[in-house]
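Following: one structure in structure tokens, then a few remarks.
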Amino acid sequence: MDKTLLTTLTVNGKTVTRRIPARQHLSDFLRDELGLTGAHTGCEHGVCGACTVRVDGMTVRGCLMLAVQANGRKVDTIEGLSDSGEIADLQGAFHRHNALQCGFCTPGMLMSAQELLSSRPDATRDEIRAHMAGNYCRCTGYHAIVDALEEVLASRRGGPK
């Protein structure tokens with residue numbers, strides 16, 4: 001029998017308290033308990049990046065973190081970033097560049113892309129590729145994703161789109 005632990009975390013700005021099975025992954029908790037289905041479970045080994053969420057401002061793989069490890073922490077999902085408008089320009093660029101084909105990897109891509117945009121406003125095309133290498137996409141070939149990020153970086157610096 002799996003033991004449950006009383007856990008309180010803040011998800012997309014709202015405090016949540018639940019009894020959580022000690023071995024439940026954060027991505028499963030977000031999807032199954034809170035109905036936040038943006039973070040997808042792809043590989044369950046932290047390789048594909050489809051389950052990417054932000055914990056205390058840092059992107060993490062939700063399939064590698066236990067939900068109880070988020071006790072007392074702030075968790076942001078793609079739904080929270082989208083609802084707040086934080087990634088509106090990024091979403092628009094992904095749409096314009098057709099960087100979101102099947103959509104399975106897109107939430108994780110957007111989470112990782114936002115991390116890059118926040119931390120490296122002067123990133124080069126090669127640095128964009130290196131940063132996004134942790135997110136697997138079977139559909140786009142990455143060119144459109146890199147183009148979208150280049151556009152947003154230029155726009156946020158005040159340059160041409």
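Read-outs: derived from the displayed coordinates by stated rules, not from any lab. All figures in this text were calculated on a predicted structure; none of them were measured in a lab. Note that each Cβ is placed from the backbone with ideal geometry, even for glycine, and that neighbours are counted across all protein chains shown.
Can you find even one residue in the range 66-84 that is farther than 23 Å from residue 138 by Cα and in contact with a His (Cβ under 9 Å, 6 or more places away or on another chain)? So far as the range 66-84 goes, yes, one or more of its residues are farther than 23 Å from residue 138 by Cα and in contact with a His (Cβ under 9 Å, 6 or more places away or on another chain). Tell me, which residue of the range 115-139 that is touching a residue at least 40 places away in the same chain (Cβ under 8 Å) and surrounded by fewer than 21 Cβ atoms within 10 Å (Cβ to Cβ) is nearest to the chain's Cα centre (by Cα)? Among residues in the range 115-139 that are touching a residue at least 40 places away in the same chain (Cβ under 8 Å) and surrounded by fewer than 21 Cβ atoms within 10 Å (Cβ to Cβ), the one nearest to the chain's Cα centre (by Cα) is 115. Considered as a group, the residues in the range 18-52 that are in a loop (DSSP other than H, G, I, E, B) and in contact with a Gly (Cβ under 6 Å, 6 or more places away or on another chain) include one that is surrounded by the most Cβ atoms within 10 Å (Cβ to Cβ), and that residue is 51. Meeting the requirement of 1 or more residues that are hydroxyl-bearing (Ser, Thr, Tyr), the helices (runs of 4 or more DSSP H) wholly within the range 103-161 are 106-119, 143-156.
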